[in-house]
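**Q** Before anything else, here's the structure in question.
The values are calculated or read from the model by the stated rules, or taken from the named source; none is laboratory data. This one's a predicted model, so the numbers in the text were calculated from it and none came from an experiment. Cβ: placed from backbone, ideal geometry, glycine included. Neighbour counts: every protein chain shown.
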Amino acid sequence: MKYYIITGTSKGLGEALALELLSEGNYVIGISRSTSHQIDEVVRQKDSNWTHISWDISRMAGLASLMDAVFDVINLEEATYICLINNAGVVTPVKVIEKCKEEEIKEAFTINTLAPIFMTAKFIERLQTLKIDKHVVNISSGAGKNPYDGWSCYCSTKAAMDMFTRCVGKEQEKSDFPVRIISLAPGIIDTNMQGIIRAATEEEFSLVEKFIDYKKKGVLFAPTEAAKKILEVLEVMALSQGELLDIRDYI
Ligand SMILES: NC(=O)c1ccc[n+]([C@@H]2O[C@H](COP(=O)([O-])OP(=O)(O)OC[C@H]3O[C@@H](n4cnc5c(N)ncnc54)[C@H](OP(=O)(O)O)[C@@H]3O)[C@@H](O)[C@H]2O)c1
């Protein structure tokens, strides 16, 4: 059985990834605060290997228990592959840094960076000696490589995840049974997050018109399309270690 642990499965890219993987008969453990009606409907109609754990990953103190709950679901004896997809993310706060509140900054860094780093650490700790293929996929963004005004928190959380990926890749090169880790920018996808970006004022984010135009011109990826492409890239690049990939390079 192939197991996928995915954060942020209630909507957007995470939901699309979960639906795609469930349709292929994989076991998916989804983590988010709310649930996806679409996934609930699929699971209701067809017996699926799905467990949803309702969790707020901005609560750092509970993350060890979250990973215990995840590993309670996985049958390590029957697992042939285990993959952690750190997908949950927030683009907020979208405004110049001096206007960001302490709580908003903390939340962005916890959800986008600290929680996935901690979950990756627990994933590796649990699985290091298990002789099967194991993957960590960090859903990153072009914003981790390019600076944008109004996105200082978002860009720096993604840049941190990219460097984290490169460092852990180096660490895992030394392991006899390495966990492979990659960072993957998924392109611009038509999700709730894009709606939040388009709702910003020009004062908060000077490129807002450009993003409104992307939507008008229909250049955004549909979440299903992005999910399929990500899974294709994962298969083709199965042996990459510590690399920063962008799905637009594979289209
Ligand atoms: N959309 C784009 O154009 C784009 C471009 C580049 C990169 N990305 C990246 O792709 C990933 C997915 O983005 P998306 O566009 O699909 O966003 P989205 O539609 O806003 O979905 C975000 C997901 O993250 C979950 N989440 C947020 N805060 C959480 C928390 N505190 N605890 C648990 N789960 C939480 C949400 O679930 P709940 O609210 O139910 O908790 C939701 O399922 C993100 O990492 C994003 O940075 C997106």
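**Q** Could you tell me how many of the residues in region 124-158 are in a helix (DSSP H, G or I) and either of a type in the set (Val, Ile, Thr) or over 24 Å from Tyr3 (Cα atoms) (or both)?
**A** So the answer is 11.
**Q** How about region 55-89: which of its residues are within 16 Å of the chain's Cα centre (by Cα) and without any contact (Cβ under 8 Å) to a residue 24 or more places away in the chain?
**A** Scanning region 55-89 gives a single hit, Asp56.
**Q** State whether one or more residues within region 67-77 are surrounded by 16 or more Cβ atoms within 10 Å (Cβ to Cβ), under 28 Å from Glu125 (Cα atoms) and within 11 Å of the ligand (Cβ to nearest atom).
**A** Within region 67-77, not a single residue is surrounded by 16 or more Cβ atoms within 10 Å (Cβ to Cβ), under 28 Å from Glu125 (Cα atoms) and within 11 Å of the ligand (Cβ to nearest atom).
**Q** So, one more: Filter region 33-54 down to the residues that are among the hydrophobic types (A, V, I, L, M, F, W, C) and in a strand (DSSP E or B), then identify the one that is nearest to the chain's Cα centre (by Cα).
**A** Ile53
**Q** Given the criteria within 16 Å of the ligand (Cβ to nearest atom), of a type in the set (A, V, I, L, M), buried (at least 21 other Cβ atoms within 10 Å of the Cβ) and closer than 29 Å to Thr129 by Cβ, does Ile6 qualify?
**A** Spelling it out, Ile6 is indeed within 16 Å of the ligand (Cβ to nearest atom), of a type in the set (A, V, I, L, M), buried (at least 21 other Cβ atoms within 10 Å of the Cβ) and closer than 29 Å to Thr129 by Cβ.
**Q** If you don't mind, another one. For region 9-32: of the residues being hydroxyl-bearing (Ser, Thr, Tyr) and not in a loop (DSSP other than H, G, I, E, B), which is nearest to the ligand (Cβ to nearest atom)?
**A** Taking the candidates together, the pick is Ser32.
Every residue, every condition in (1) in contact with a helix residue (DSSP H, G or I) (Cβ under 8 Å, 6 or more places away or on another chain); (2) within 24 Å of Gly12 (Cα to Cα); (3) at pLDDT below 95, yes or no:
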| site | (1), (2), (3) |
| --- | --- |
| Thr51 | yes, yes, no |
| Ser65 | no, no, no |
| Ile82 | yes, yes, no |
| Thr92 | yes, yes, no |
| Lys99 | no, no, no |
| Glu107 | no, yes, no |
| Ile117 | yes, yes, no |
| Leu130 | no, no, no |
| Lys134 | yes, no, no |
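**Q** Going through region 189-207 one residue at a time, which ones are within 8 Å of the ligand (Cβ to nearest atom) and touching a helix residue (DSSP H, G or I) at 6+ places or on another chain (Cβ under 8 Å)?
**A** Ile189, Asp190, Thr191, Asn192, Met193, Gln194, Ile197
Yes/no per residue for (1) more than 15 Å from the ligand (Cβ to nearest atom); (2) out of contact with any helix residue (DSSP H, G or I) (no Cβ under 9 Å at 6 or more places or on another chain); (3) part of a loop (DSSP other than H, G, I, E, B):
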position: Ala160; (1), (2), (3): no, no, no
position: Gln172; (1), (2), (3): yes, no, no
position: Gly187; (1), (2), (3): no, no, yes
position: Glu209; (1), (2), (3): yes, yes, no
position: Lys215; (1), (2), (3): no, no, no
position: Val219; (1), (2), (3): no, no, yes
position: Ala227; (1), (2), (3): no, no, no
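**Q** So which of Lys106, Lys134, Lys101 ends up being more than 12 Å from the ligand (Cβ to nearest atom), surrounded by fewer than 19 Cβ atoms within 10 Å (Cβ to Cβ) and free of Cβ contacts under 8 Å to residues at least 60 places away in the same chain?
**A** That would be Lys101, the only listed residue that is more than 12 Å from the ligand (Cβ to nearest atom), surrounded by fewer than 19 Cβ atoms within 10 Å (Cβ to Cβ) and free of Cβ contacts under 8 Å to residues at least 60 places away in the same chain.
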